[in-house]
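A short write-up of the structure that comes next.
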Number of protein chains: 2
Amino acid sequence: MPSAHAPSTRFDVLTIGNAIVDVIARTDDDFLVAQSLVKGSMRLIDPEEAERLYGLMNSTIEMSGGCAGNTAAGVASFGQRVAFIGKVADDHLGRVFRHDIRAIGVEFNTDALLEGTPTARSMILVTPDGERTMNTYLGACQHLTAADIDADMIAAAKIIYLEGYLWDPPAAKHAFRRAADIAHAAGRRVAITLSDSFCVDRFRDEFLDLLRTGTVDIVFANEAEAKSLYQTADFDSAVAGLRADAKLSAITLGSRGALVVTREETHHVPVSPVDNFVDTTGAGDLFAAGFLAGLSRDESLTNCAVLGGIAAGEIITHYGARPQASLQDLARQNGFEF
Amino acid sequence: MPSAHAPSTRFDVLTIGNAIVDVIARTDDDFLVAQSLVKGSMRLIDPEEAERLYGLMNSTIEMSGGCAGNTAAGVASFGQRVAFIGKVADDHLGRVFRHDIRAIGVEFNTDALLEGTPTARSMILVTPDGERTMNTYLGACQHLTAADIDADMIAAAKIIYLEGYLWDPPAAKHAFRRAADIAHAAGRRVAITLSDSFCVDRFRDEFLDLLRTGTVDIVFANEAEAKSLYQTADFDSAVAGLRADAKLSAITLGSRGALVVTREETHHVPVSPVDNFVDTTGAGDLFAAGFLAGLSRDESLTNCAVLGGIAAGEIITHYGARPQASLQDLARQNGFEF
């Protein structure tokens, strides 16, 4: 990896993704069944469906979300230098998103969309088992284009991290590819999260192409996403596929921890059990945050996964996907010198 | 009390108050000191100060709040029939407030303010000790008038509950008095919460007049508010004052439970300790919810206070002042037949 020889950086991590405010409500399994919703998945909805579903939802909590936004907030909470690129509108939720991500110390300067489409929102239904089912109206995210990619910022980040969900809004994949090109030209590393098994299903060939062409160096996935990528029911086959196609993979295994896979090695890293878990929203995003924070500090891969587990363990104890405790403090309490 | 002989009711409780969305952020004591904020208080701010303070706040959670709105949501969560009257604007936060209070089963039909002033918001700073410090921009609440008081709804409620904060927006006190007159004419009971010791300081004479003229039958207060009402540092003197001036008082004592005071009796009702308390926002509002739910079901005064403690105990375990668990279920788990 060339980063040690590259010019100095302004950011440890820069993330690019859909800028979304979460609208969170508790529900029960009967409601999911009645609405034909697939538990644990993310589906895209239009404004009419968003309005209809909102009318049926329990009272809500609104807070900033979005996978890459959550990851940026998590890395910042570890005390690292972070930037985010994503598209909000010039409306209430857009101002909330911008306020919140800046408040935690993330640099976020992407111009807001000035008229028309509103800021994206994801209506997240949380069942008593803590599982979340997401219904996302992409709104202004559909207007993120390659023109929003600030080349200087990208080149100044040790690692850039992009979400697979960027394949959903049609123009954003060009932004993704442009960012990856700039990063590699500057000697930086590029990471992707596969985001969601249904998202993998929509864009499998393109995601495999990103890995196999070296457009992406590091891949984050959970078990379902890894299996979906290789269309296999056998986890070991999926791991073998990732080992062949990516330089580094971090695969989350829920309460069983994570698997870190390189061409040469495989590490299984367990996590401490969490007693009072409430809402799994953001668990994967925060695992990535801890892992990236560790990578940017040249921690061992095992330690990176431990940091991922610490961050994910914090996020599932409350509603919402942005940390409520200082992850830097939690890392210190676990023996890290941050 | 004449309610047993009055015509049948459509609501167990109807509450009237400032319709507010809470904007909640964690902070530390240093921030409160630097901003000259009085911990535990509510202060009124103008839009410019709201903007300035928001710019300095940590990332936020937005959820519906407002004292009387929280109390209405709590009574509904106990499975009782509830209505709310309050003024929102026709904007994003106004739609959120209306959605949330209806979603929990509260009837809310007050017309939205169509242009100009936005929906009220309270920026709530929560310190590590769980105490909340509120900074409220009243916005559309300033346009609640006597014309918003639906006489048929008021007359159809067993108990109406009004917040002392209604004295802050100039026109709302007329709405308050009109509602109390209608309720009494229909043989119903009228309750007030003193809301905040500084609010009592602003309107002491008027609040005492409400009690002494019998405009209000039942008063809710905490220790600081009771002492402020009678300008005494001696709690017993404040209790004696309330005993003389009100038919029924319920005084919350934080972790020591509550005192129920009538002309004839005083009951001290302890509460179970809460391990994992996070945010005291809404504790008083939810105590009132449990107490009113009990009163409307003709429970003993002691049981009413126990129900208040159950509701307050739920609300302080999480951010935000609307219940996240079913209070009806919690009441049943505590032996109540709801």
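I'd like the projected area of the protein assembly as shown, averaged over all directions, using the convex hull of its alpha carbons. Report it in nm² with one decimal.
Working: hull surface 117.5 nm².
Mean shadow area of the hull around the Cα atoms is 29.4 nm².
What net charge do the residues around A:Gly335 carry, taking every other residue with its C-beta under 15 Å from that of A:Gly335, with Lys and Arg at +1 and Asp and Glu at -1? Write out the running numbers ahead of the final one.
Values: positive: A:Arg297, A:Arg332; negative: A:Glu299, A:Asp329, A:Glu337.
Result for the local shell: -1.
In nm, what does the list of distances from A:Pro47 to its counterparts in the other copies look like, shortest first, when each label sits 7 Å along Cα to Cβ?
Ordered by distance, the counterparts are at 2.4 nm.
At a Förster radius of 60 Å, what calculated FRET efficiency corresponds to the Cβ-Cβ distance of A:Leu253 and B:Thr213, to the nearest 0.05? Provide the component values of the computation, followed by the final result.
Numbers: r = 68 Å, r/R0 = 1.13.
About 0.35, to the nearest 0.05.
Calculated FRET efficiency, A:Asn276 and A:Asn109, Cβ-Cβ r, R0 35 Å, to nearest 0.05? Please report the intermediate quantities before stating the final value.
Values: r = 37 Å, r/R0 = 1.07.
It comes to 0.40.
Name the residue farthest towards the positive end of the dipole of region A:120-241 from the options A:Met134, A:Leu162, A:Val200, assuming +1 on Cβ of Lys and Arg, -1 on Cβ of Asp and Glu, about the Cα centre.
A:Leu162
Give me a single rounded figure for A:60-66: the average over its residues of other chain Cβ atoms within 10 Å of their Cβ.
Numbers: counts 8, 11, 11, 7, 4, 0, 0.
Partner Cβ neighbours, averaged per residue: 6.
Using modelled amide H (1.01 Å from N, peptide plane; none on Pro or chain starts), what sits under 5 Å from the amide H of A:Met42, excluding residues fewer than 5 places away?
Distant-sequence amide H within range of A:Met42: A:Met134, A:Phe198.
Please list, in order along region B:54-59, the HN-Hα scalar couplings obtained from phi with the Karplus expression 6.51 cos²θ - 1.76 cosθ + 1.60 (θ = phi - 60°), rounded to whole Hz, x for Gly and Pro.
4, x, 9, 7, 4, 4
Run through region B:250-313 and list the GluC sites (Glu not before Pro) located in a DSSP loop whose Cβ has at most 12 other Cβ atoms within 10 Å.
Details: sites: B:Glu264, B:Glu265, B:Glu299; in loops: B:Glu264, B:Glu265, B:Glu299.
For GluC sites (Glu not before Pro) across region B:250-313 that sit outside H, G, I, E and B with at most 12 neighbouring Cβ atoms in 10 Å, the list reads B:Glu264, B:Glu265.
What relative contact order, as a whole-number percentage, does chain A give when Cα pairs under 8 Å and 6 or more residues apart are counted?
Working: 777 pairs, mean separation 62.8, N = 338.
Relative contact order of chain A: 19 percent.
Which Cα, out of A:Met42, A:Ser59, A:Ser272, lies furthest along the positive dipole direction of chain A (beta carbon charges, K/R +1, D/E -1)?
A:Ser272
Using the Cα centre as the reference, give the magnitude of the dipole from point charges on the C-beta atoms of the protein assembly as shown (Lys, Arg: +1; Asp, Glu: -1; all else neutral), rounded to the nearest 20 debye.
Working: 58 positive and 90 negative charges, 7 e Å.
Value, rounded to 20: 40 debye.
Using Cα springs under 10 Å in a Gaussian network model of chain B, which residue among B:Ser272, B:Ser228, B:Ser197 shows the largest mean-square fluctuation?
B:Ser272
Using a simple charge model, +1 on the beta-carbon of Lys and Arg, -1 on the beta-carbon of Asp and Glu, nothing else, what dipole does region B:9-333 show about its Cα centre, in debye to the nearest 20? Intermediate values should be presented prior to the final figure.
Values: 29 positive and 44 negative charges, 159 e Å.
About 760 debye.
Can you sort B:Ile160, B:Ile104 by how many other beta carbons sit within 10 Å, fewest first? Mind dumping the intermediate values first?
On the way: B:Ile160 32, B:Ile104 18.
Taking fewest neighbouring Cβ atoms as first place, the list is B:Ile104, B:Ile160.
In a GNM of chain A with a 10 Å cut-off on Cα contacts, which of A:Thr232, A:Thr119, A:Thr133 has the highest mean-square fluctuation?
Comparing A:Thr232, A:Thr119, A:Thr133 in the GNM, the peak value goes to A:Thr232.
Counting only DSSP beta bridges with both residues in region A:15-160, what percent are antiparallel, rounded to the nearest 5?
Values: 10 of 26 bridges.
Of all bridge pairs located within region A:15-160, approximately 40 percent are antiparallel.
Can you give the relative contact order of region B:184-338 as a percent, counting alpha carbon pairs under 8 Å and 6+ residues apart? The partial results should precede the final answer.
Details: 260 pairs, mean separation 23.2, N = 155.
Relative contact order, region B:184-338: 15 percent.
Sort B:Tyr230, B:Tyr165 so the one with the fewest other Cβ atoms within 10 Å of its own Cβ comes first. List each step's numbers first, then the result.
Working: B:Tyr230 20, B:Tyr165 26.
The most exposed by this proxy come first: B:Tyr230, B:Tyr165.
Taking the Cβ of B:Ala233 as the center, what net charge do the other residues with Cβ under 15 Å away carry, scoring Lys and Arg +1 and Asp and Glu -1?
So the surrounding residues net to -4.
From the label point of B:Pro270, set 7 Å from Cα along Cα→Cβ, how far away are the matching label points in the other copies, in nm, ordered shortest to longest?
4.1
If you plug each phi of region A:283-299 into the Karplus form 6.51 cos²θ - 1.76 cosθ + 1.60 with θ = phi - 60°, what whole-Hz ³J(HN,Hα) values come out, in order, with x for Gly and Pro?
4, x, 5, 7, 4, 4, 4, x, 4, 5, 4, x, 4, 5, 9, 6, 6
Run lengths n ≥ 4 of DSSP H only: what is the helix-derived mean residue ellipticity at 222 nm for chain A, with -39500 (n - 2.57) per run over all residues, to the nearest 500? Working shown, then result.
Working: 12 runs with 128 residues, N = 338.
Computed ellipticity for chain A at 222 nm equals -11500 deg cm²/dmol.
How many nanometers, to one decimal and shortest first, lie between the label point of B:Thr232 and those of its other copies, if labels sit 7 Å from Cα toward Cβ?
Label-point separations across copies, in nm and ascending: 7.9.
So what's the convex hull volume per residue for the Cα atoms of region B:80-209, in Å³? Show your work: numbers first, answer last.
Details: hull volume 17.0 nm³, N = 130.
Considering the Cα atoms of region B:80-209, their hull volume per residue is 131 Å³.
Apply 1/(1 + (r/R0)^6) to the Cβ-Cβ distance of A:Asp236 and A:Thr317, taking R0 = 30 Å, and write down the FRET efficiency to the nearest 0.05. Walk me through the numbers before you get to the answer.
Numbers: r = 32 Å, r/R0 = 1.06.
So, using R0 = 30 Å, E works out to roughly 0.40.
Within the protein assembly as shown, how many lysine pairs that are 8 or more places apart, or on different chains, have C-alpha atoms less than 20 Å apart? Kindly include the intermediate steps, with their values, before the conclusion.
Numbers: A:Lys39/A:Lys227; A:Lys87/A:Lys173; A:Lys158/A:Lys247; A:Lys227/A:Lys247; B:Lys39/B:Lys227; B:Lys87/B:Lys173; B:Lys158/B:Lys247; B:Lys227/B:Lys247.
Taking the protein assembly as shown as the scope, the lysine pair count is 8.
So who's got an amide H within less than 5 Å of the one on B:Leu113, skipping anything under 5 residues away but keeping other chains? H placed 1.01 Å off N, in plane.
B:Val88, B:Ala89, B:Asp90
Normalise the Debye intensity by I(0) for chain A, one equal point scatterer per Cα, no solvent, then take log10 at q = 0.07, 0.13, 0.14 Å⁻¹ and round to two decimals.
Normalising to I(0) and taking log10 leaves -0.24, -0.92, -1.09.
May I ask what percent, to the nearest 5, of DSSP beta bridges between residues of the protein assembly as shown are antiparallel? It would help to have the intermediate numbers written out before the result.
On the way: 39 of 111 bridges.
Among the beta bridges of the protein assembly as shown, antiparallel pairing accounts for roughly 35 percent.
Once you sort the root eigenvalues of the Cα gyration tensor of region B:147-201 as a ≥ b ≥ c, which label holds: rounded (a/c under 1.5), prolate (a/b larger than b/c) or oblate (the other case)? Provide the component values of the computation, followed by the final result.
On the way: a/c = 2.98, a/b = 1.67, b/c = 1.78.
Oblate shape, in that a/c is at least 1.5 and b/c is the bigger or equal ratio.
What order do you get for B:His267, B:His99 when you list them from fewest to most C-beta neighbours inside 10 Å? Can you show the working numbers first?
On the way: B:His267 16, B:His99 19.
Sorted ascending by nearby Cβ count, the order is B:His267, B:His99.
Residue by residue through region A:326-338, what is 3J(HN,Hα) from phi via Karplus (6.51 cos²θ - 1.76 cosθ + 1.60, θ = phi - 60°)? Round to whole Hz and write x for glycine and proline.
Karplus-based 3J(HN,Hα) across region A:326-338 equals 6, 6, 4, 4, 5, 4, 4, 4, 9, x, 7, 9, 9 Hz.
Please work out the C-alpha center-to-center distance from region B:170-249 to region B:80-112 and express it in whole Å.
Cα centroid of region B:170-249 versus Cα centroid of region B:80-112: 25 Å apart.
Taken together, the values in this text are just the output of simple stated rules run on the coordinates, not laboratory data. The structure displayed is predicted, hence computed values, not measured ones. Counting neighbours? That spans all protein chains shown, and the Cβs are built from the backbone with ideal geometry, glycine included.
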